[in-house]
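Reviewing the structure listed below.
The values are calculated or read from the model by the stated rules, or taken from the named source; none is laboratory data. This structure is a prediction, so every number in the text was calculated from the model and none was measured. Backbone-built Cβ (ideal geometry, glycine too); neighbour counts: all protein chains shown. Note: accessible area is taken over every heavy atom of the protein model, side chains too, but ligands, DNA and RNA are not part of it. Shrake-Rupley method; radii C 1.70, N 1.55, O 1.52, S 1.80 Å.
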Amino acid sequence: MNRAAVEAHILPRYDALVVATGSLDAAAKSYCAAPTSRPVTELQAAFGATMDAWEDIQHVRFGPVDWFFRSQRFAFWPDPRNTIGKQMGEVLSKHAAGSIDADLLAKGSVAIQGLPAMERLIFGEEAAKLKSGPDAAYRCHYVEAIAINLARIAQDTRAAWREGGDKAFAAVMLDTTKPDAPYREEQEATLELFKALYLAVELASDHKLARPLGASANDARPRLAQAWRSERSLRNIQRNLLAARDLYLTAFAPAVTDKALDSAIREAFGRVLITASALKQPLETAVQDKTARPLAEKLAAEALALKKLLGDRLPPALDIPVGFNALDGD
């Protein structure tokens, strides 16, 4: 179970993240070489591909991505106090006298160096400021610095998982016999992987859907959606749920001897993904649209039911020792 999760689910997704961030780095350099003549849509597409790759592996919060605040640096969210906006304002105010590069970003706040910061720079009204204005060149340097930083984080994370022989984290995670192994029993590693599965659904249910949905259309808060500027909040949810299903089918399903439970989990994934695909409006508008909102509410209810099903019934079926509140607050 553990080996299948690592080798068939986790490692290929970090490989994909390295490819996507490399392409984003190239797109940022290409765009900023001639911002007045090149369409920003090419850069936005590369951003979208990188966001896809991140959402596909965002649920893995342990191991190398947890070192050096890599996960937070890559995508600091949620941001209830608008820390990103405030700190980016400070960074941009220094355009006349200062310089910015990837090394400087990497040493600074997590809020100014990842995907949410780049989204603010290249979408909406802010995108026009890359082409003209007193700080246009500085803004493009900022975009380039973020792209380089993201590529380095992805490369370093992938390298720590794959490289170093028996010191690679993939090898260390699967070998519980060494005195310094982070997991002393195979079940401990399995629990870590289960928590990643659970987190993928929890992120979609409790955060990416519940926050903007609110109690009613009048109480909806569309700007609490994860990526409202690029209008890809719903796509991010879909990627999280698809990733969770892949992890379940790849690693956990073959070990579930209770076929009725396995069938129930598969059906729950199927329902929530069908509903997500049926929602055609961006989440940012659907939560306020009285016609589309019922489908968004259905999606939230199905995601919550899936989370509960996984949390309540899968650990005992796999003999995973989930302690009191072990799944709370991730």
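Assorted remarks:
- Of the listed residues ILE265, ILE100, the order by accessible area with a 1.4 Å probe, largest first, is ILE100, ILE265.
- Environment charge of ALA136, counting only residues whose C-beta is closer than 12 Å and scoring Lys/Arg +1, Asp/Glu -1: +1
- Solvent-accessible area assigned to carbon and sulfur over the chain amounts to 53 percent, based on a 1.4 Å probe.
- The heavy atoms of SER23 present about 70 square angstrom of accessible area, all protein chains included, probe 1.4 Å.
- Computed from phi, the 3J(HN,Hα) profile of region 248-263 under the Karplus parametrisation 6.51, -1.76, 1.60 (θ = phi - 60°) reads 4, 5, 6, 10, 8, 3, x, 9, 7, 7, 7, 5, 5, 5, 4, 5 Hz, with x in place of Gly and Pro.
- Cβ-derived FRET efficiency at R0 22 Å, GLN72 paired with GLU7, nearest 0.05: 0.25
- The chain: relative contact order in percent, alpha carbon pairs under 8 Å with at least 6 residues between: 20
- Other residues with beta-carbon under 15 Å from the beta-carbon of PRO64 carry, at +1 per Lys or Arg and -1 per Asp or Glu, a net charge of +3.
- Other residues with beta-carbon under 14 Å from the beta-carbon of THR250 carry, at +1 per Lys or Arg and -1 per Asp or Glu, a net charge of 0.
- Computed [θ] at 222 nm, helices only, for the chain once each DSSP H run of length n ≥ 4 contributes -39500 (n - 2.57): -18000 deg cm²/dmol
- Model label points for ALA34 and ARG184, set 7 angstrom from Cα along the Cα-to-Cβ axis, are 6.3 nm apart.
- Tensor-based shape of the chain (alpha-carbon gyration tensor, a/c under 1.5 rounded, otherwise prolate or oblate): oblate
- Full extension of the chain between GLU297 and GLU267 gives 8.9 nm of extra length, using 0.36 nm per residue less the Cα-Cα distance.
- Accessible area, probe 1.4 Å, largest first, for residues ARG81, ARG211, ARG221, ARG184: ARG81, ARG184, ARG221, ARG211
- Surface accessible to a 1.4 Å probe, HIS141 within the full protein complex, Å²: 100
- Separation of the ASP156 and ASP258 label points, Cα + 7 Å toward Cβ, nm: 4.2
- LEU199 accessible area, 1.4 Å probe, all protein chains in place, Å² to nearest 10: 10
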